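Enquirer: If you scroll down you'll find the structure; I have some questions about it.
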Amino acid sequence: MSPETLLQRITDYAHRADPYPLYAELRENGVTRQADGSYLVGTYDEIAALLHDPRVSSDSRNRADPATLPPVRRQEQPKAFIGLDDPEHDRLRRITMRPFGPPHSPGRIDALRAEIARICDDLVAGFRDKDRFDVVEDFAYPLPVTVIGRLLGVPHQDMPRLRGWTNDIIASLDLTADRSAAGHGDASVDAGEAMEEYLGDLAERRRSDPSDDMLSALVHESGPDGRLTPQELRATARLLLIAGHETTVNLISNGALTFLRYPDALRLLRENPELMPGAVEELLRYEPPVQLLPQRSPLADIEVAGVTVPEGAPLILVLAAGNRDPLRFENPDRFEPTRADNQHFGFGSGVHNCFGAPLARLEARIALTTLLPHLEGLHLSQDPPPYRRSPVLRGPRHVGVEGVVG
């Protein structure tokens, strides 16, 4: 088949359960220009170089073709730092990091360890002794959404409404040709604006009635970079809320699915739980929650593996393809929980390396260690399971398992 149709085939839902043969085809073809004018990159070394190249922009406003831009708000507001370049990206990220992690708040993530373990135990108790359950709905989703809600200070009873908005926003990342016709663009804009209005109102309440959550800290703390403006705070809170649970849901769900497909690895990890941190890294390589980065573009003409990518052209980095590059990883299509030298792209790399990676790692390690003993002897109700539509944030919509849960 023509390499100019690779993006179309990768984003086709028919390939969501197993896109990896297409990723292998991408690596074999090198950097390929697509019919829509975008360029696909799927080899490890090239992706690594581009993620660290200051000539590559993450700001969609630097794209030459307006048709490739994502849906925009009716009244353009400041963007979250994930969609900005330095120095503005660095300023906003540093302000947000102050109440989140080292060096200013070194204990915030570690302090969640006991609570994460308690939530996991409570969730497992809910399906123990049942003959079937859904890993996603009964475990992988409620854990991170509860944790990020408490971290930000979002009332638990409001989370279902936020889940609906999140689903509409994620739907806009499907990258398929009929996205606009399906109305995803308008729904995404509506959902994003509604979520930011909600989070902005919540932050304002924290201004007069602070708590120990991150929204309160972002409203009141002021460091050398100043404070976030109200508009910046809304955009940042939206990013933290969505990214703070969506990728972790997929990581845990993909982890359970992989363990059930590799019973030898499941037994190894059950007998040697100290290996779980390395196994989580292997999961991030083998089944990364974020499969590709669609929002890059060069600030000047650049050469990538002998191909000139023109200034402003959409540049799509297929992280999951790089994670299985045989020139970088031995036996890349096999899940090996004790794999060494595992420098994957599961959390990206470079200045846009995932902000929430420490929290996601902690949640995944505790969650999968807790879940592991209850998976042995069970089998999948359906394999492959149904997947969510997004090719960007790829993960199963349900992971049904059957057998008596111990």
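The values are calculated or read from the model by the stated rules, or taken from the named source; none is laboratory data. Keep in mind that this is a model prediction, so the values were computed, not measured. Here the Cβ is made from the backbone with ideal geometry for all residues, glycine too, and neighbour counts use every protein chain on show. Just the protein is used for accessible areas: all its heavy atoms, side chains included, with ligands, DNA and RNA removed. Shrake-Rupley method; radii C 1.70, N 1.55, O 1.52, S 1.80 Å.
Enquirer: Can you tell me which condition Pro294 does not meet? The list is (1) closer than 30 Å to Val405 by Cβ; (2) open to solvent by 10 Å² or more (accessible area, probe 1.4 Å), and all the others hold.
Expert: Result: Pro294 fails condition (1) only.
Enquirer: Right, another one. Could you please find all residues in segment 1-24 being open to solvent by less than 40 Å² (accessible area, probe 1.4 Å) and out of contact with any His (no Cβ under 8 Å at 6 or more places or on another chain)?
Expert: Within segment 1-24, Pro3, Leu6, Leu7, Ile10, Thr11, Arg16, Ala17, Pro19, Tyr20, Tyr23, Ala24 meet the criteria.
Enquirer: The conditions are (1) over 20 Å from the mean Cα position of the chain (by Cα); (2) over 19 Å from Ala48 (Cα atoms), and Asp301 fails exactly one of them. Which is it?
Expert: Here Asp301 meets the rest and fails (2).
Enquirer: On the given criteria, is Arg93 open to solvent by 60 Å² or more (accessible area, probe 1.4 Å) and in a helix (DSSP H, G or I)?
Expert: no
Enquirer: Ok, one more. Criterion first (of a type outside the set (Lys, Arg) and modelled with pLDDT of 95 or more) does Asp138 satisfy it?
Expert: Here the answer is yes, as Asp138 does meet what is asked.
Enquirer: Just give me the residues in segment 231-262 being at pLDDT below 95 and either loosely packed, with under 15 Cβ neighbours inside 10 Å or more than 28 Å from Leu173 (Cα to Cα) (or both), in sequence order.
Expert: Gln231, the sole residue that qualifies.
Enquirer: Still on this structure, I have one more. Can you pull out the residues in segment 136-175 that are of a type in the set (Gly, Ala, Ser) and under 28 Å from Pro99 (Cβ atoms)?
Expert: Within segment 136-175, Ala140, Gly149, Gly153, Gly164 qualify.
Enquirer: Might you let me know whether segment 5-14 holds any residue that is among the basic types (Lys, Arg) and within 23 Å of Ser297 (Cβ to Cβ)?
Expert: yes
Enquirer: When you go through (1) hydrophobic (A, V, I, L, M, F, W, C); (2) open to solvent by less than 10 Å² (accessible area, probe 1.4 Å); (3) in a loop (DSSP other than H, G, I, E, B) one by one for Ala340, which number turns out not to apply?
Expert: (2)
Enquirer: Can you find, within segment 135-150, the residue that is nearest to the chain's Cα centre (by Cα) among those that are crowded, with 24+ Cβ neighbours inside 10 Å and more than 13 Å from Arg397 (Cβ to Cβ)?
Expert: Pro144
Enquirer: When residues of segment 303-350 are filtered for being of a type in the set (Val, Ile, Thr) and within 20 Å of Leu393 (Cα to Cα), how many remain?
Expert: Going through segment 303-350 one residue at a time, the tally reaches 2.
Enquirer: I've got another one for you. Specify which of the listed residues (Val318, Val307) is hydrophobic (A, V, I, L, M, F, W, C), within 25 Å of Asp85 (Cβ to Cβ), open to solvent by less than 40 Å² (accessible area, probe 1.4 Å) and in contact (Cβ under 8 Å) with a residue 24 or more places away in the chain.
Expert: Numbers: Val307 fails: open to solvent by less than 40 Å² (accessible area, probe 1.4 Å).
So the residue among Val318, Val307 that is hydrophobic (A, V, I, L, M, F, W, C), within 25 Å of Asp85 (Cβ to Cβ), open to solvent by less than 40 Å² (accessible area, probe 1.4 Å) and in contact (Cβ under 8 Å) with a residue 24 or more places away in the chain is Val318.
Enquirer: Let me ask another. Among Asp225, Asp212, which is over 24 Å from the mean Cα position of the chain (by Cα), open to solvent by less than 70 Å² (accessible area, probe 1.4 Å) and of a type in the set (D, E, K, R)?
Expert: Residue meeting the stated conditions: Asp225.
Enquirer: I'd like to check something: does segment 344-362 contain any residue that is of a type in the set (D, E, K, R), modelled with pLDDT of 95 or more and open to solvent by 10 Å² or more (accessible area, probe 1.4 Å)?
Expert: So the first thing to find is which residues in segment 344-362 are of a type in the set (D, E, K, R), and the list is 361.
Then keep just the ones that are modelled with pLDDT of 95 or more; that gives 361.
Subsequent filtering for residues that are open to solvent by 10 Å² or more (accessible area, probe 1.4 Å) retains 361.
Taking every residue of segment 344-362 in turn, at least one turns out to be of a type in the set (D, E, K, R), modelled with pLDDT of 95 or more and open to solvent by 10 Å² or more (accessible area, probe 1.4 Å).
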